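Colleague: Dumping the structure here so I can ask a few things about it.
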Amino acid sequence: MNPSIAELQQKRRFASLLMTYACTIACDHCCFNGSPHQPDVAVSVDDAVQWLGQLHQLDRLVHVAGGEPFRYWDRLRDIVRAAGAQGVAPHFVETNASWCDADAVTRERFDELRRHGVRWMFISTDVYHLEQVPVERVARGIRIAEEVFGLGTTMGKAAPEDLERRAAIARDPARMARYVAEHPPKLLGRAAKVLAKHVPLRPLSAFDLDMGWGRDPENTCE
């Protein structure tokens, strides 16, 4: 019997297939340095299905991320179809929704993923993404994901007024600097180069270094 979405989400442990470093945007906080200038490559279908099968053995929430997976829609579609046929489809797919510029295309792609085993979507709604992705595209992605996958299936879901508020912060450099200082991201990748200047120094003991990947006492983040 397949676990419910709520049961899956309670795991709070993740295993990610990083499909590509190429992205449609270049967020200041991106720990992977994703951008439109990264090499124009994505994981092969055969490799992706093999690795998704291995990730499912870890009893974690398995997802496809990037970069922006939908930048390579045909490849993403083929990966999910092949993985679904073997019973190892990802639980969810992450997207920044920059491509959600029309209802019909957005619904068609979400429908395709759902038919082959994807259970829900993760749509990025933080201030860093909303600095570069139009609010209306993010709102469209959320609305249609909820229609296709069901209510409560959109991780990152935010109300339109919250999206507008976050976008307003992103458009104001002074407010953005205060936001980063008050809500510092993980200072990895591009964030370490671009955003660290806004974050006051703190001792290592002040950080929660468990990022959802689990702790190994023999090989700690500390």
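Values in this text are rule-based calculations from the coordinates and carry no lab data. Since the structure is predicted, the reported quantities are computational estimates derived from the model, not experimental observations. We place every Cβ from the backbone using ideal geometry, glycine too, and count neighbours over all the protein chains shown.
Colleague: State yes or no: is Arg75 crowded, with 17+ Cβ neighbours inside 10 Å and basic (Lys, Arg)?
Modeller: Taking the combined requirement at face value, the residue satisfies it.
Colleague: Another one. Considering only region 97-111, I want to know if a residue exists there that is under 30 Å from Glu182 (Cα atoms) and either surrounded by fewer than 19 Cβ atoms within 10 Å (Cβ to Cβ) or of a type in the set (Gly, Ala, Ser) (or both).
Modeller: Yes, region 97-111 contains at least one residue that is under 30 Å from Glu182 (Cα atoms) and either surrounded by fewer than 19 Cβ atoms within 10 Å (Cβ to Cβ) or of a type in the set (Gly, Ala, Ser) (or both).
Colleague: Those residues that are surrounded by fewer than 14 Cβ atoms within 10 Å (Cβ to Cβ) and either part of a helix (DSSP H, G or I) or charged (D, E, K, R) (or both), I need them from region 54-72; list them, please.
Modeller: Passing the criteria: Gln54, Asp59.
Colleague: Right, next: Just need a number here: residues in region 3-53 that are in a helix (DSSP H, G or I) and either surrounded by 13 or more Cβ atoms within 10 Å (Cβ to Cβ) or under 18 Å from the mean Cα position of the chain (by Cα) (or both).
Modeller: 10
Colleague: For Trp120, indicate whether it is of a type in the set (Phe, Trp, Tyr), within 15 Å of the chain's Cα centre (by Cα) and surrounded by fewer than 21 Cβ atoms within 10 Å (Cβ to Cβ).
Modeller: Judged against the criteria, Trp120 is not a match.
Colleague: May I pose another question? Looking only at region 33-52, count every residue that is touching a Cys at 6+ places or on another chain (Cβ under 9 Å) and either acidic (Asp, Glu) or farther than 26 Å from Lys193 by Cβ (or both) and tell me the total.
Modeller: Total satisfying the criteria: 0.
Colleague: Looking only at region 139-161, count every residue that is part of a helix (DSSP H, G or I) and either surrounded by fewer than 13 Cβ atoms within 10 Å (Cβ to Cβ) or of a type in the set (A, V, I, L, M, F, W, C) (or both) and tell me the total.
Modeller: Going through region 139-161 one residue at a time, the tally reaches 7.
Colleague: Please enumerate the residues belonging to region 99-117 that are over 16 Å from the mean Cα position of the chain (by Cα) and touching a residue at least 40 places away in the same chain (Cβ under 8 Å).
Modeller: Asp103, Arg107
Colleague: May I ask you to list the residues in region 179-203 that are in contact (Cβ under 8 Å) with a residue 12 or more places away in the chain and either in a loop (DSSP other than H, G, I, E, B) or loosely packed, with under 13 Cβ neighbours inside 10 Å (or both)?
Modeller: Of everything in region 179-203, those that are in contact (Cβ under 8 Å) with a residue 12 or more places away in the chain and either in a loop (DSSP other than H, G, I, E, B) or loosely packed, with under 13 Cβ neighbours inside 10 Å (or both) turn out to be Pro184, Pro185, Lys186, Leu187, Leu188, Gly189, Leu195, Val199, Pro200.
Colleague: Hey, does region 126-137 have a residue that's in a helix (DSSP H, G or I), among the basic types (Lys, Arg), in contact with a Cys (Cβ under 9 Å, 6 or more places away or on another chain) and free of Cβ contacts under 8 Å to residues at least 60 places away in the same chain?
Modeller: yes
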